[in-house]
Amino acid sequence: MKPLKRPARRALLVVHVAVSVGWLGLTLGLLTLGITAYATAEPSLTQAAYTAMDVFADWLLAPIALAALGSGVVLSLGTPWGLARHRWVWIKFWITLGTAAATVFALRPEISHAAAAGVPDISLVAAPSVATTAYLFMTAVSVLKPWGLTRRGRRPRKSAGTTSSGKAVDGRSLRPSA
C-alpha cells in the first residue's frame with residue numbers, strides 16, 4: 001500500500017483511537033450491565049439489563065469492532081510500522097481480529113439469547129471481562145511498543161521506514177546495539 005500522507009495518517013489515527021476507545025467503553029458498559037443482570041434478585045431488572053445489552057450489541061458492537069479492525073489495518077499498512085514488521089503491531093492485529101470475531105459471532109448471539117430468556121448468565125459477565133482485559137492489554141502494547149521487529153521486519157529494507165539520519169520511524173537506530 002502506498003504510504004499515507006501526514007494529514008491522512010493523522011486523521012486515520014484519530015479515527016482509530018476514537019473507535020478503539022469507544023469499543024473499550026462499550027465493553028465496560030456491557031460488563032456493568034452483565035454484572036447488574038447477574039447479581040440482582042429482581043427478574044425485571046435482569047430482563048431490562050439484558051435488553052439494554054441487546055440494543056448495544058445489535059447496533060454498536062459489530063460496527064465498532066469492524067471499524068477498529070479496519071482502521072488499524074489501513075493505518076498499519078499506510079505507515080512505516082507495517083502490519084508484520086513489528087511484533088507489537090502483529091500481536092495487536094491478531095488480538096483485534098480474534099476479539100472482533102468473538103464479538104460478532106459469539107457475544108452478540110449470546111446477548112440476544114439472554115435478552116429473550118431473561119435468566120442470569122455468568123458468561124455475560126465473563127466475556128466482557130475478558131474483552132476489557134484484551135483491550136487494556138492492546139492499549140498498553142500500543143503505548144509501550146515492546147518486543148522489537150519480527151523476522152520480516154529484520155530483513156534489509158529500502159529506505160522506507162527510515163529518516164534521513166538512518167534511524168527508524170520510532171527514533172531508534174536500525175543497527176543492533178551491543
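Over the chain, give the accessible area per residue in Å² for a 1.4 Å probe, as an integer. Each step should come with its number before you reach the end.
Values: 10410 Å² over 178 residues.
I get 59 Å² per residue for this part.
Determine, at each q value in 0.15, 0.19 (inverse angstroms), the log₁₀ of I(q)/I(0) that the Debye formula gives when each Cα of the chain is one equal point scatterer.
Here log10 of I(q) over I(0) equals -0.85, -1.16.
Near Lys145, which aspartates and glutamates are there with a Cα under 13 Å away, not counting those fewer than 8 places off in the same chain?
Asp170
To make sure I understand the rule: partners must be aspartates and glutamates, Cα under 13 Å from the Cα of Lys92, and not fewer than 8 residues away in the same chain. Which ones qualify?
Counting by Cα, and skipping residues close in sequence, Lys92 has no aspartates and glutamates nearby.
What is the helix-to-structure angle for 87-102, meaning the angle in degrees between its Cα long axis and the longest Cα principal axis of the chain, kept from 0 to 90 and rounded to the nearest 10?
So the helix axis and the longest Cα principal axis differ by about 20 degrees.
Can you list residues whose amide H is under 5 Å from His86's amide H, if they're 5+ apart or on another chain and H is modeled 1.01 Å from N?
Amide H neighbours of His86: Thr150.
Highest mean first, how do 49-57, 136-144 rank when packing is the count of other Cβ atoms within 10 Å averaged over residues?
Ranking, from highest mean packing down: 49-57, 136-144.
Please turn the phi angles of the stretch 137-150 into ³J(HN,Hα) values with the Karplus equation 6.51 cos²θ - 1.76 cosθ + 1.60 (θ = phi - 60°), one per residue in order, whole Hz, x for glycine and proline.
So the J values, rounded to whole Hz, are 4, 5, 5, 4, 4, 5, 7, 7, 6, x, 6, x, 7, 7.
Compute the helix-to-body angle for 108-117: its Cα long axis versus the longest principal axis of the chain, expressed 0 to 90° and rounded to tens.
The angle comes out at about 10 degrees.
Defining a contact as two alpha carbons under 8 Å apart and six or more residues distant in sequence, what relative contact order in percent does the chain show?
Working: 180 pairs, mean separation 50.5, N = 178.
With pairs under 8 Å counted, the relative contact order is 28 percent.
Carbon and sulfur together cover what percent of the accessible area of the chain at a 1.4 Å probe radius?
Details: 7140 of 10410 Å².
For the chain, the apolar C and S fraction of the accessible surface comes to 69 percent.
The values are calculated or read from the model by the stated rules, or taken from the named source; none is laboratory data. Every value quoted in this text rests on a predicted model; they were computed, and no experiment measured them. Here Cβ is always computed from backbone atoms with ideal geometry, including for glycine, and neighbour counts include all displayed protein chains. With ligands, DNA and RNA removed, areas are computed over all heavy atoms of the protein, side chains included. Shrake-Rupley method; radii C 1.70, N 1.55, O 1.52, S 1.80 Å.
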